[in-house]
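The values are calculated or read from the model by the stated rules, or taken from the named source; none is laboratory data. Treat the numbers as computed from the prediction; the structure is a model and nothing was measured. Positions of Cβ are backbone-derived with ideal geometry, glycine not excepted, and every protein chain shown enters the neighbour counts. With ligands, DNA and RNA removed, areas are computed over all heavy atoms of the protein, side chains included. Shrake-Rupley method; radii C 1.70, N 1.55, O 1.52, S 1.80 Å.
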Amino acid sequence: TDFFPPCVCSLCCQCGVPVPPNPANMCVGCLRAQVDITEGIPKQGTLHFCKQCQRYLQPPGTWIQCTLESRELLALCLKKIKASLSRVINGAVLQQVFVVEYIVQPQMCEDCHRIEAKDFWKAVVQVRQKTLHKKTFYYLEQLILKHRLHQNTLRIKEIHDGLDFYYSSKQQAQKMVDFLQCTVPSRCKASQRLMSHDIHSNVYNYKSTFSVEIVPICKDSVVCLSPKLAQSLGNMSQICVCIRVTSTIHLIDPSTLQIAEIDGNTYWRHPFNSLFHPKQLEEFIIMDINRVQEKKKGAGAGPRSNKHTLAEAWVQKTSELNTDHQYFCCTHLGHILNPGDLVWGFDLANCNLNDEFANKMNPHNIPDVVLIKKSYDRTKRQHRRNWKLKQLERDREGMDTDDERQYQDFLEDLEEDEAIRKNVNIYRNADIPVESDTDDDGPPRISLAEMLEDLHISQDATGGEGANMIE
């Protein structure tokens, strides 16, 4: 006969129902009735949440960012549960579902306390630039936002010629100073003041001040270099135009297209100033223009720009159209200028140059006019611009009319200069339709899609490193 093994089962010691053998010798129903494994586990908990910075407290003193329904918030909730499973009988495994209710309790974190106090700071970084135009500051602001160096600040205060960044520690302020010196040509001076001294523990309390001075040169500035500096840059002309300010000062010689870069250390060894301020720009009309071939390089000459075209032009002031007086000049804008175009420039022939280097130059080497940029109807472009930038939250009374005009000039520079645009985060402006990218009047402009293409980002991006640049 075949052998059939007996059925392996046992009876529950409470109700007598056949159950598979288990260490408790009870069925699941009786085991749940006899033992509550959730006993001793709190059914309520408290989460401390700071409304100012949107962070949760992770005991004992760490504040972390957690979004709703996130793993980080779930982990924080589970750490609040102090489970005790000592009542499990004879090592039996039992699963039981129960609900824990958490109450979110508002509590201001220490960092926000310091921000609200406004006087509780240990270090301040004072950034200054002695110039009338704020193009360099607008560019610096975008770099700070992109690298998120403003997150540790207790307060940002705007004054007439710069910004003040307040920090809770000297180390955070030093990090900002290092970033500034790598981003824009500048120099820094540090000082500290003793606030208190504990003679028993020998602890000193200092407030540190870092004074950062940015070179007083902005884009579109006309400068006069010292003879020694001009010679060291490849014998370029002393009268140059600043076409860009990044970590260095980018200069171009409008008479030869020779270019040069000057870093902060070189500038402070051989300082020079802008010959004009932006309000001294005058409008000229192109009467005649001839594009010329590149002039033969002299001995030791530096590199030349491939993005500009050298041209000789006859121009006339729009304010003097009733006269026959014209000016001759060489310009680096030959690739965008044609007869009849309007252009902004500086009149050197009829001005008093109060500059130590320009006053010592041979008058024959000083051009009559230096052309800076083409003149357009920029109001239409402003209304059709379908992208925008973020700005730092800072204490200020508001932007006046001149500040608003300078900010619009900076936005136009971003459209026309790819090198600067690649370092800035661009955001979609939902208030302006995308179809408004086309513009028949104005300079060669760029749409949001083209700007994002320069940054290797798509308008439909939903993830990745560049997704935060789309709104």
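Scanning the stretch 206-226 for residues that are open to solvent by 10 Å² or more (accessible area, probe 1.4 Å) and over 15 Å from Ile262 (Cβ atoms) turns up Tyr206, Lys207, Thr209, Ser211, Glu213, Asp220. Taking the criterion of being touching a Leu at 6+ places or on another chain (Cβ under 6 Å) and under 30 Å from Lys146 (Cα atoms), would at least one residue in the stretch 207-220 satisfy it? Yes, the stretch 207-220 contains at least one residue that is touching a Leu at 6+ places or on another chain (Cβ under 6 Å) and under 30 Å from Lys146 (Cα atoms). When Asn423, Asn338, Asn359, Asn429 are screened for being without any contact (Cβ under 8 Å) to a residue 12 or more places away in the chain and either closer than 27 Å to Ile252 by Cβ or surrounded by 14 or more Cβ atoms within 10 Å (Cβ to Cβ) (or both), only Asn359 passes. If you go through the stretch 146-159 and keep only what is hydrophobic (A, V, I, L, M, F, W, C), surrounded by 16 or more Cβ atoms within 10 Å (Cβ to Cβ) and within 23 Å of Lys130 (Cα to Cα), you end up with just Ile156. Identify all residues within the stretch 182-219 that are basic (Lys, Arg) and under 23 Å from Thr246 (Cα atoms); write none if there are none. Arg187, Lys189, Lys219 - these are the residues of the stretch 182-219 that are basic (Lys, Arg) and under 23 Å from Thr246 (Cα atoms).
No other residue among Gln406, Gln382 is modelled with pLDDT of 55 or more, more than 25 Å from Gln151 (Cα to Cα), assigned to a helix (DSSP H, G or I) and open to solvent by less than 40 Å² (accessible area, probe 1.4 Å) apart from Gln406. If you check Ala190, Ala260, Ala173 for being open to solvent by 60 Å² or more (accessible area, probe 1.4 Å) and either out of contact with any helix residue (DSSP H, G or I) (no Cβ under 6 Å at 6 or more places or on another chain) or farther than 30 Å from Cys112 by Cα (or both), only one passes: Ala190. Exactly one residue among Leu348, Leu310, Leu321 is modelled with pLDDT of 90 or more, more than 32 Å from the chain's Cα centre (by Cα) and farther than 30 Å from Phe137 by Cβ, and that residue is Leu310.
Considering the stretch 114-133, the residues that are part of a loop (DSSP other than H, G, I, E, B) and modelled with pLDDT of 85 or more include one that is nearest to Ser169 (Cα to Cα), namely Lys122. Gly302 meets all of the listed conditions (1) under 17 Å from Ile239 (Cβ atoms); (2) touching an Asp or Glu at 6+ places or on another chain (Cβ under 6 Å); (3) open to solvent by less than 20 Å² (accessible area, probe 1.4 Å) but one, namely (2). Of the residues examined, Ser255 is one that is outside any strand (DSSP E or B), open to solvent by 30 Å² or more (accessible area, probe 1.4 Å) and touching a Ser or Thr at 6+ places or on another chain (Cβ under 6 Å). The single condition from (1) open to solvent by less than 80 Å² (accessible area, probe 1.4 Å); (2) without any contact (Cβ under 8 Å) to a residue 24 or more places away in the chain; (3) in a helix (DSSP H, G or I) that Asn265 fails is (1). Taking the numbered list (1) modelled with pLDDT of 75 or more; (2) open to solvent by 100 Å² or more (accessible area, probe 1.4 Å) in turn, Met26 passes all entries but (2).
Of the listed requirements (1) hydroxyl-bearing (Ser, Thr, Tyr); (2) in the same structural domain as Arg269 (by the TED database); (3) free of Cβ contacts under 8 Å to residues at least 24 places away in the same chain, Ser191 misses just one: (2).
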